[in-house]
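Worksheet: one structure, shown below.
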Amino acid sequence: MVRTIAALTFSTLFGHRRGLLLFILPGVLLGLCVLLALTVDGTADFSAALLLQFGLAVIVPLVSLIAATGAIATEIDDGSIVYLLSKPIKRSAIILTKAAVAIGVIFVLAAVPMVLSGLILDHSDPGTALAFGLGTLVAGIAYTAIFIALSVISGNAVTIGLFYALLWESVMGQYVAGARALSVQQWTLSLIHKLSDAPHLDPAVKLPIGAFLLVAVTAAGLVLATTRLRSLTLSSAE
């Protein structure tokens with residue numbers, strides 16, 4: 001049954017026009033990096049800054065938002081989630097399978113392009129490119145848990161998630177001192193900073209704190225989504 005859930009999730013993700021953004025967003029990042037590499041000298045000097053301020057702060061949360069909400073919010077909105085809820089399947093299995101699919105999509109369409117972008121800008125420092133790729137995957141896991149929980153809780157998950165991704169993570173998480181410590185981006189940056197010697201990396205929290213918060217938010221999001229999905233079943237029965 002897990003395979004069926006995964007297949008339905010893939011179909012939902014890529015069966016709507018919104019799924020095209022999953023290809024367009026990383027394409028924009030790669031295209032920008034190629035253009036800069038061809039037209040600007042010394043791209044290695046600002047490689048890490050670009051990957052951070054545009055890749056990690058903008059592209060990653062947006063790809064994660066589309067992948068995570070597309071994995072379940074669409075089914076809830078159109079009522080097709082009832083098919084799964086009517087089967088004798090653990091609600092945790094539904095959430096975890098959909099989260100795994102979203103994370104797989106994030107790996108292919110965000111983490112891999114991030115590594116390639118880093119290599120295009122500075123092929124002499126593959127370590128930094130790989131660090132950003134790993135950071136992208138870690139951030140994507142946390143974002144997936146947040147956005148899946150939001151999808152189950154609210155019918156406006158995409159709108160709320162968009163405000164969160166663009167306002168909190170992209171702006172507040174970079175420039176507002178107090179908010180930086182409560183940003184998935186900054187928690188992930190603590191890991192990237194540990195793995196890379198690139199300049200312009202100044203995380204707001206230390207790695208142990210960042211790692212703890214990433215794990216805590218991921219676990220809380222998945223538990224909350226599972227709990228809420230059980231209540232949706234009870235509501236349908238009533």
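We did not get these values from a lab; they are worked out from the coordinates using the rules stated. Predicted model only: the values in this text are computed from it and were never measured. All Cβ positions, even for glycine, are placed from backbone atoms using ideal geometry, and neighbour counts span all protein chains on display.
For segment 43-186, compute Rh as the Kirkwood radius over C-alpha pairs and then the Stokes-Einstein diffusion coefficient at 25 °C and 0.890 mPa s; write the answer in µm²/s, rounded to an integer.
Numbers: Rh = 15.9 Å.
In µm²/s, the coefficient rounds to 155.
Pick from Phe163, Phe132, Phe107: which is most flexible by mean-square fluctuation in a GNM of the chain where alpha carbon atoms under 10 Å apart are linked?
Phe163
For segment 1-52, what percent of Cα pairs sit more than 15 Å apart? Don't jump to the answer; show the numbers that get you there.
Details: 827 of 1326 pairs.
Summing the P(r) tail past 15 Å for segment 1-52 gives 62 percent.
Order 28-41, 139-152, 65-78 from most to least packed using the mean count of other Cβ atoms within 10 Å.
139-152, 65-78, 28-41
Counting only helical runs of four or more DSSP H residues, what would the 222 nm mean residue ellipticity of the chain come to if each run contributes -39,500 (n - 2.57) and the total is spread over all its residues?
-23000 deg cm²/dmol
Pick out the long, greasy-scoring helices in the chain: whole DSSP H runs spanning 15 Å or more along their own axis by Cα, mean Kyte-Doolittle at least 0.0.
Details: long enough: 2-14 (18 Å, 1.39); 21-39 (26 Å, 2.69); 60-78 (26 Å, 1.16); 91-106 (23 Å, 1.69); 126-153 (40 Å, 1.81); 184-195 (17 Å, 0.30); 207-237 (45 Å, 1.44).
TM-like helix candidates: 2-14, 21-39, 60-78, 91-106, 126-153, 184-195, 207-237.
Among Phe46, Ala68, Ile106, whose Cα sits farthest toward the positive end of the charge dipole of the chain (+1 at Cβ of Lys/Arg, -1 at Cβ of Asp/Glu, about the Cα centre)?
The residue sitting most towards the positive pole is Ala68.
Just want to confirm a number: the relative contact order over the chain, from Cα pairs under 8 angstrom separated by 6+ residues, in percent.
Answer for the chain is 24 percent.
Looking at the chain as a GNM with Cα springs under 10 Å, which of Pro88, Pro61, Pro113 has the largest mean-square fluctuation?
Result for the chain, Cα springs under 10 Å: Pro88 fluctuates most.
Which value in nm describes the separation of the simple spin-label points at Phe163 and His16, placed 7 Å from the Cα toward the beta carbon?
It is 2.0 nm.
Rounded to the nearest 0.05, what FRET efficiency is calculated for Lys90 and Phe46 with R0 set to 35 Å and r the Cβ-Cβ distance?
That pair, Lys90 with Phe46, gives E of 0.15.
To the nearest 20 debye, what charge dipole does segment 2-237 have about its Cα centre, counting +1 at the Cβ of each Lys and Arg and -1 at the Cβ of each Asp and Glu?
Computed about the Cα centre, the dipole is about 1060 debye.
Mind jotting down the distance between the C-alpha centroids of segment 1-31 and segment 132-177, whole Å?
Here the answer is 17 Å between Cα centres.
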